[in-house]
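**Student:** First the structure, which I've put down as structure tokens, then a few questions once you've had a look.
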Amino acid sequence: MVRDDAGKCHLFYSRWKRHLGFDAWASHSEIAHAVSDDPLGPYRPKDVALPPRGKEFWDGLCTHDPTVMRFGSKYYLYYMGNTADHSMGDAPDPAVMKTQRWVHRNNQRVGVAVADSPDGPWRRMGQPLVEPTPGFYDALCCTDPTVTARPGGGYAMVYKAVGDKGALPFGGPVVLIAATSDTPTGPFKKQPEPVFAKEGVKFAAEDPFIWSDDQRCWAIIKDQGGYYTDQGGKGRSLVLFESPDGLQWKLAEHPFITSPEVTWADGRHQKLAQLERPQIWLENGLPAILFCAADETSNRSASFNLQIPLRMPGK
């Protein structure tokens, strides 16, 4: 979410037709745009920020994993895109979709669109912002981008990378890579080794989100299996890291954020099947709301966006 100068809140989210099933995220997703007068919502769907634009484009038929940032007077919408195969039609066989998902996933690239307003129009690039490098950790695909201004100047990106060392179609290992640039639109220089890596674990984390204050950078990642703290048991959780420069990361003093669960305003406590894609909205430079994607079911048939208000310690 980003708030404009008039106070309007703009939420960017992934969506696709429910009847296609969860696997269609990799082939039929589009990034849509909703608005609200309050950061906590409710949000009203307004339009599609990045609609399909033709299979000849690198991001022509699928856009996913949005994160929106304001740097200076412009807005930057970072995302994953690919040019998927829609020849399966609007009612494809679920088994075919599951197989084809890997084809689409392994063609994912990172991109950015730029606008003078969150209402658009969004100017998309003809080429990806970040794409696979043969022989590198991202040789198979790149996705899940997050970008922040660095305290010392310039910009840092962290993205999810999938290598080609493991058996296809999954490939692997799956790691997180940091990169730097002098501008929000690149070129980004990839760091030589993964960040947040865990020795011996081939898929420890995903869904990074980074931000910065005047002194340091912060990151939330989705821990895939209790690899970073013991408070989440062996299950998934959200974990906090800190860094002086957006490149060298260590666990924060209080790293555990939450397991996949939520306490609603009426006091009801609910365990969720998924709580992922964490993003922080800052108010006056301080974390104010944690945005997540959530689902109540293991097959992800009941997904929704969640806004969790935060308060500073002692308040």
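Just so it is clear, none of the values below were taken in a lab; they were calculated from the coordinates. Just so it is clear, the model here is predicted, and its values are computed rather than measured. Glycine also receives a Cβ, built like all others from the backbone with ideal geometry; neighbour counts cover every protein chain displayed.
**Student:** Using Cα pairs closer than 8 Å and at least 6 residues apart in sequence, work out the relative contact order for the chain, in percent.
**Tutor:** Details: 793 pairs, mean separation 31.9, N = 315.
RCO, the chain: 10 percent.
**Student:** Calculate the FRET efficiency for Ala288 and Glu242 from the Cβ-Cβ distance with a Förster distance of 25 Å, rounded to the nearest 0.05.
**Tutor:** Computed FRET efficiency for Ala288 and Glu242 comes out at 0.85.
**Student:** What spacing in nm lies between the two simple spin-label points modelled at Glu276 and Ala115, each 7 Å away from Cα in the Cβ direction?
**Tutor:** The modelled label-to-label distance comes out at 2.6 nm.
**Student:** Out of residues 5 or more away from Arg300 or on other chains, whose amide H comes under 5 Å of its own, with H placed 1.01 Å from N in the peptide plane?
**Tutor:** So Arg300 has HN proximity to no qualifying residue.
**Student:** Going by how many other Cβ atoms sit within 10 Å of their own, how do Trp102, Trp249 line up, fewest first? The partial results should precede the final answer.
**Tutor:** Values: Trp102 15, Trp249 23.
Placing the least packed residue first, the sequence is Trp102, Trp249.
**Student:** With θ set to phi - 60°, apply the Karplus curve 6.51 cos²θ - 1.76 cosθ + 1.60 along the stretch 192-209 and write out the HN-Hα couplings as whole Hz, x wherever there is a Gly or Pro.
**Tutor:** 3J(HN,Hα) across the stretch 192-209, in whole Hz: x, 10, x, 10, 6, 6, 10, 4, x, 10, 8, 7, 7, 8, 7, 6, x, 9.
**Student:** Restricting to lysine pairs 8 or more places apart or on different chains, what number in the stretch 1-129 have Cα atoms under 21 Å apart?
**Tutor:** Values: Lys8/Lys46; Lys8/Lys74; Lys17/Lys46; Lys17/Lys55; Lys17/Lys98; Lys46/Lys74; Lys55/Lys98.
For the stretch 1-129, qualifying lysine pairs total 7.
**Student:** On a full-extension model of 0.36 nm per residue, what is the gain between Arg300 and Lys17, subtracting their alpha-carbon distance, rounded to one decimal in nm?
**Tutor:** Details: separation 283, 0.36 × 283 = 101.88 nm, distance 1.30 nm.
Length gained between Arg300 and Lys17: 100.6 nm.
**Student:** Zone of Met312 (label point 7 Å along Cα→Cβ, backbone N under 18 Å): which residues in the stretch 24-63?
**Tutor:** Of the residues in the stretch 24-63, none has backbone N under 18 Å from the label point off Met312.
**Student:** Tell me the Kirkwood radius of the stretch 1-129: reciprocal of the mean inverse pair distance over distinct alpha-carbon atoms, in Å. Numbers along the way, then the final one.
**Tutor:** Details: mean 1/r = 0.0659 Å⁻¹.
Averaging 1/r across every pair of different Cα atoms and inverting gives 15.2 Å.
**Student:** So if each residue of separation counts as 0.36 nm, and I subtract the Cα-Cα distance between Lys8 and Glu261, what length gain in nm does that give? Mind dumping the intermediate values first?
**Tutor:** On the way: separation 253, 0.36 × 253 = 91.08 nm, distance 2.88 nm.
88.2 nm is the gain from fully extending Lys8 to Glu261.
**Student:** Can you find, among Phe241, Val175, Phe188, the residue farthest towards the positive end of the dipole of the stretch 150-247? Put +1 on the C-beta of Lys and Arg, -1 on that of Asp and Glu.
**Tutor:** Checked the options; the winner is Val175.
**Student:** According to a simple spin-label model (label point 7 Å from Cα along Cα-to-Cβ), what is the distance in nm between Thr183 and Asp93?
**Tutor:** Here the modelled spin labels are 4.8 nm apart.
**Student:** Another question about this same structure. Give the Rg/Rh ratio for the chain, taking Rg as the radius of gyration of the Cα atoms and Rh as the Kirkwood radius, to two decimals.
**Tutor:** Taking Rh as the inverse mean 1/r over Cα pairs, Rg/Rh reads 0.93.
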